[in-house]
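Asks: Got a structure here, written out as structure tokens. Questions coming.
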Amino acid sequence: MKFPDAEGYFGRFGGNYYPPEVWPALEELASTYRSLRDTPDFQDALETVRVGLQGRPTPVHFLRKTTTEAGGARIYVKREDLNHTGAHKINHCVGFALLARKMGKRKLIAETGAGQHGVALATAAAYFGLECEVHMGAVDIGKQSSNVGRMRLLGAQVVAADAGQSALKEASDSAFSAYVEQHEHALYAIGSAIGPHPFPMIVRDFQSAVGQEARSQFLSLSGGFLPDHVVACLAGGSNAMGIYAGFLDDPAVTLTAVEPLGKSNETGKHAATLSFGTPGTLHGAQSVVLQQEDGTPSHVSSVASGLVYPGVGPEIAMLHEAGRLKVSAISDEEAISTFFRIAKSEGIIPALESSHALAFAIKLAERSPSSESVLVNLSGRGDKDIDYVLKYYQGEYDPER
Ligand SMILES: *Cc1c(COP(=O)(O)O)cnc(C)c1O
């Protein structure tokens, strides 16, 4: 990996735009991480937790029925939905927890929106014997009681952020200031490949296990061929960078990021940052941002709560600007009908986030020759979405009822 450079830049994106009082903590993290990451001791500990707690490696699996119905390219999925806690997020959570142990920190701090990142982090903290402090918007705490219960069962402390809209943005501000206060004995475990240097690099590295596994699994399944397309849904970019990492140096492999088009391309009804955003600063890094004229982040929305974010990680922004990464967008409606379709025809209930990537992959397969193949990162399972989808959409989208 050539990027980031010594200052934490991916081309013109990235860097560190947080106030100087946090620089020493970020520098300590960057240098300790660099000195530890390739040691056999660190790699062995990571391997042990991946295999035993998480259930890695996750398989690459052929979607037979969906492929036949699409009538074009073959569709494969990398089953990150089979991770313990149900999504790819635990890949970097266990990494941060191990890093905290090795750095002699006793606590992990993070924010969470719907609670998925918080649950994955609380799980990693429990395994490594660390304290865990998860900041969550007061409104989200009210909405997501089962994830709040899970975090508490796992021993985490859930801190309510009640400023502003009492949602993810406020939780993130609250978590970051808690980290600044406690950085002597705590590590901040960010939720995606975003934020100031070194976070985007560390999250990408821990997630890259997905792409490395997928590459060799695909080669052996196909008898030596690489996929023509690799597809992932995109919010901050952790699952996308994870699977792309295995294919970045293969120019024949087209990489596509699938953004949430929500209800339409009108501001406030989507969260499609690369499609409609402009260069700007968000969460301490230079990147592409959906923003208002005064530079404050736009209001964003999507049926998939994990995709509701007005920015993208800096490496994603760089790859897109360089033309290495294509971007597409999928609406709420398309994602929901794909959720029903994959459940019924493949026996897999995908997360609504991952349903965006799958919806795009099916459209791509329909217009591609049968000699080609598409590999999708199935970033998480849809159990968390079932109640919501059945309550609001079953009659409309499920034709057989
Ligand atoms: C959080 C989440 C995402 C989006 O986050 P990225 O950092 O862009 O990967 C996608 N899928 C699932 C299942 C998630 O939980």
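Every number in this text was worked out from the coordinates using simple rules, so none of it is lab data. Given the structure is predicted, the values throughout are model-derived calculations rather than measurements. Note that we place each Cβ from the backbone using ideal geometry, even for glycine, and neighbour counts take in every protein chain shown.
Asks: Using only DSSP helix segments of four residues or longer, with each worth -39500 (n - 2.57), what per-residue ellipticity at 222 nm results for the chain after dividing by its residue count and rounding to 500?
Replies: -13000 deg cm²/dmol
Asks: While we're looking at this one, here's another question. What's the center-to-center distance, using Cα atoms, between segment 286-314 and segment 150-176 in Å?
Replies: 19
Asks: R0 = 51 Å: FRET efficiency of residue 394 with residue 152, Cβ-based, nearest 0.05?
Replies: Using R0 = 51 Å, I get an efficiency of 0.95.
Asks: If we count chymotrypsin sites (Phe, Trp or Tyr not before Pro) as exposed when they sit in a DSSP loop and have at most 16 other beta carbons within 10 Å, what is the longest stretch of the chain that avoids them all?
Replies: Numbers: sites that count: 17, 225.
Value returned for the longest uninterrupted segment is 18-224.
Asks: Mind scanning 102/384; 78/107; 263/344 and naming the pairs with a C-alpha gap bigger than 27 Å?
Replies: Correct reply: 102/384; 78/107.
Asks: Shape verdict for the chain, please, from the Cα gyration tensor: rounded (a/c under 1.5), prolate (a/b greater than b/c) or oblate.
Replies: rounded
Asks: If the chain between residue 333 and residue 265 were fully stretched, how many nm would it gain, using 0.36 nm times the residue separation less the Cα-Cα distance?
Replies: 23.1 nm
Asks: In addition: Between 0 and 90 degrees, rounded to the nearest ten: what's the tilt of helix 332-346 against the longest Cα principal axis of the chain?
Replies: Result, in degrees: 70.
Asks: Under 20 Å from a label point 7 Å along Cα→Cβ of residue 180: give me every residue in segment 124-168 with its amide N that close.
Replies: Within reach of a label on residue 180, which here means backbone N under 20 Å from a point 7 Å along Cα→Cβ, segment 124-168 contributes 133-137, 159-168.
Asks: Now a separate question. Run the numbers for residue 345 and residue 216: contour at 0.36 nm per residue of separation, minus the present Cα-Cα distance, in nm.
Replies: On the way: separation 129, 0.36 × 129 = 46.44 nm, distance 2.67 nm.
So the chain would gain 43.8 nm between residue 345 and residue 216.
Asks: How far apart, in nm, are the 7 Å Cα→Cβ label points at residue 383 and residue 36?
Replies: 2.9
Asks: While we're here: Test of understanding: what is the full-extension gain from residue 21 to residue 68, defined as 0.36 nm times their sequence separation minus their Cα-Cα distance?
Replies: On the way: separation 47, 0.36 × 47 = 16.92 nm, distance 5.71 nm.
The span from residue 21 to residue 68 would gain 11.2 nm if fully extended.
Asks: Now for a different question. Using only Cα atoms, find the angle between the long axis of helix 199-222 and the longest principal axis of the chain, and express it within 0 to 90 degrees, rounded to the nearest 10.
Replies: The helix 199-222 is inclined about 30 degrees to the chain.
Asks: If R0 is 41 Å, what FRET efficiency do you get for residue 145 and residue 371 from their C-beta distance, rounded to 0.05?
Replies: 0.25
Asks: Return 150, 34 ranked ascending by Cβ neighbour count within 10 Å, so the fewest neighbours appear first.
Replies: Numbers: 150 17, 34 12.
Fewest-to-most Cβ neighbours within 10 Å comes out as 34, 150.
Asks: Ok, one more. For residue 105, which aspartates and glutamates qualify as cross-link partners when the Cα separation must be under 18 Å and same-chain residues fewer than eight apart are set aside?
Replies: The qualifying aspartates and glutamates are 27, 28, 41, 131, 133, 181, 184.
Asks: Take every DSSP beta bridge whose two residues both sit in the chain, then give the antiparallel share in percent to the nearest 5.
Replies: Percent antiparallel among DSSP bridges in the chain is about 30.
Asks: Say R0 is 30 Å: what FRET efficiency, to the nearest 0.05, do residue 252 and residue 321 get from their beta-carbon distance?
Replies: So, using R0 = 30 Å, E works out to roughly 0.90.
Asks: Cα to Cα, under 14 Å, and not fewer than 8 places away if on the same chain: which aspartates and glutamates meet these conditions relative to residue 326?
Replies: 228, 259, 315
Asks: Here is a follow-up. Report, to the nearest 10°, how far helix 40-49 tilts away from the longest principal axis of the Cα atoms in the chain, using its own Cα long axis and a range of 0 to 90°.
Replies: In the chain, helix 40-49 runs at an angle near 60 degrees to the longest axis.
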